[in-house]
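Here's the structure we're looking at; comments come further down.
Coordinate-derived values only; no laboratory data. Not measured: the values here are computed from a predicted model. All Cβ positions, even for glycine, are placed from backbone atoms using ideal geometry, and neighbour counts span all protein chains on display.
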Amino acid sequence: MGTKENLQEAFAGESQANRMYLAFAKKADEDGLPQVAKLFRAAAEAETVHAHAHLRVLGGIKTTAENLETAIAGEGHEFMEMYPAFLKTAQEEGNKPAEFSFKNALAVEEIHHGLYSKALDAVKTDTDLPETKIYICPVCGNTVEGGVPDVCPICNVPGSKFIEIK
């Protein structure tokens, strides 16, 4: 395996460690262990530093338009190919928790694809998106602009639970 493959593997591993440590931090907070949670968050941020460095060296960060094109392709793959196949397997195996997780992700990745496409249209005309609030559902990740729905249309969580992204 060459350096490029090593960088790709390192980027993937550091990225996964970041997400895992953030999940561990949330659990430590729930368990009343704020310092352990802080340690997990610190390590997660350090893993992000590593992942970003590896991605930069790989040449994976380009212009915003190119980055949006990459994001659109990735989200398209996820909602058109990857998650439908994963969902089918989970259904065949009767794995309801995985089915729920895949169904939610599939629906949200399609929303992200549309949001990124809208952003790319704006960037291509040398403008930014109009200023608006963006919220996510804490259960399924549904991403909405402007205001929150009364109930999440994907997972039925009350809109009052949505988190504003700053």
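Restricting segment 50-133 to trypsin sites (Lys or Arg not before Pro) that sit in a DSSP loop and have at most 11 other Cβ atoms within 10 Å of their own Cβ leaves LYS62.
Lys and Arg at +1, Asp and Glu at -1: add these up for the other residues within a Cβ distance under 14 Å of ALA85 and post the number.
Computed value for this residue: -4.
Please compute the Kirkwood hydrodynamic radius of segment 3-58 from all pairs of different C-alpha atoms, in Å with one decimal. Mean inverse Cα-Cα distance, inverted, gives 11.5 Å. Between SER117 and LEU39, the modelled label-to-label distance comes to 4.7 nm, taking each label 7 Å out from Cα in the direction of the beta carbon.
Put a dot 7 Å past the Cα of ASP150, heading toward its Cβ, do the same for THR125, and the two dots end up 3.4 nm apart. Using the rule -39500 (n - 2.57) for each DSSP H run of four or more residues, divided by the residues of the chain, the 222 nm mean residue ellipticity is -22500 deg cm²/dmol. Between MET82 and ASP29, what FRET efficiency follows from the Cβ-Cβ distance if R0 is 35 Å, with the result rounded to 0.05? Between MET82 and ASP29 the formula returns 0.65.
For the listed residue pairs LYS118/LYS166; LYS27/LYS96; LYS103/LYS161; LYS96/LYS166, the alpha carbons are over 25 angstrom apart in LYS96/LYS166. Were the residues from ALA12 through ILE61 laid out at 0.36 nm apart, the gain over their Cα-Cα distance would be 16.1 nm.
For LYS4, which aspartates and glutamates qualify as cross-link partners when the Cα separation must be under 16 Å and same-chain residues fewer than eight apart are set aside? Partners found: GLU14.
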